[in-house]
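Quick notes on the structure that follows.
FYI, it's all coordinate maths here, none of it is from the lab. Because the structure is a prediction, the values reported are computed rather than measured. Counting neighbours? That spans all protein chains shown, and the Cβs are built from the backbone with ideal geometry, glycine included.
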Amino acid sequence: MILVQITKKFQDIDVSIRKLEELVKTICRRFDLSKAAVSVAIVDDAQIRRINRQFLGRNVRTDCLSFDLSDGDECGCSSSASFELVINGELAVKEANWRGHSSQAELALYVTHSMLHNLGFDDSTQEQARKMHDAEDEILRQLGYGVVYNKKTRIRKCKSTKA
């Protein structure tokens, strides 16, 4: 069973809760997670800055934060998971407008990126980042968003933590 809870605290973005739930469930199934609880909070710049400062000691805005609250092993190989994602809806709107695609697609990218961090992906080296961003675009294409990350070069700002 895959449980997805989405809370929208930033109102100025068009969000299909159903599509975001399907995205999270598709990613879980793709990585053989048969039991997962995923909480997604869509917030604004100020809220994500506060959370980033509180949990990571960084007083900056970012696009997404991901927290792995699973009780499983360190490699993320457990069949059960508990993830909390904090997604910057305000930045998604700005980036989508600048890059020429929907804010829903940008939001889906942030959710996908956060999920992949919690599933063991890393983007700290150029090769790791390439693999991660290719996987993001493959997942997003599969669900009808098209190529979102690799449309233009961008700098990834998401931070992930293991609780």
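In nm, to one decimal, how far is the modelled label at R58 from the one at K35, with both set 7 Å along Cα→Cβ?
Here the answer is 3.3 nm between the modelled labels.
Which value in deg cm²/dmol, rounded to the nearest 500, describes the helix-derived mean residue ellipticity at 222 nm for the chain, given -39,500 (n - 2.57) per DSSP H run of n ≥ 4 and division by the residue count?
-14000 deg cm²/dmol
Once R0 is set to 30 Å, what does the formula 1/(1 + (r/R0)^6) return for the Cβ-Cβ distance between A46 and L143, expressed as a FRET efficiency to the nearest 0.05? Before the final figure, lay out the partial values.
Details: r = 30 Å, r/R0 = 1.00.
According to the calculation, E is roughly 0.50.
Where a ≥ b ≥ c are the square roots of the eigenvalues of the C-alpha gyration tensor, would you call the stretch 2-162 rounded, which needs a/c under 1.5, or, failing that, prolate if a/b is larger than b/c, or oblate?
Note, shape of the stretch 2-162 comes out rounded.
Kindly identify the stretch 1-46 as rounded, prolate or oblate by the Cα gyration tensor criterion: order the square roots of the eigenvalues as a ≥ b ≥ c, call it rounded if a/c is under 1.5, otherwise compare a/b with b/c, prolate if a/b is larger, else oblate.
Prolate is the answer for the stretch 1-46, as a/c is 1.5 or above and a/b outweighs b/c.
Taking a ≥ b ≥ c as the square roots of the eigenvalues of the Cα gyration tensor of the stretch 43-137, is the shape rounded (a/c under 1.5), prolate (a/b larger than b/c) or oblate?
oblate
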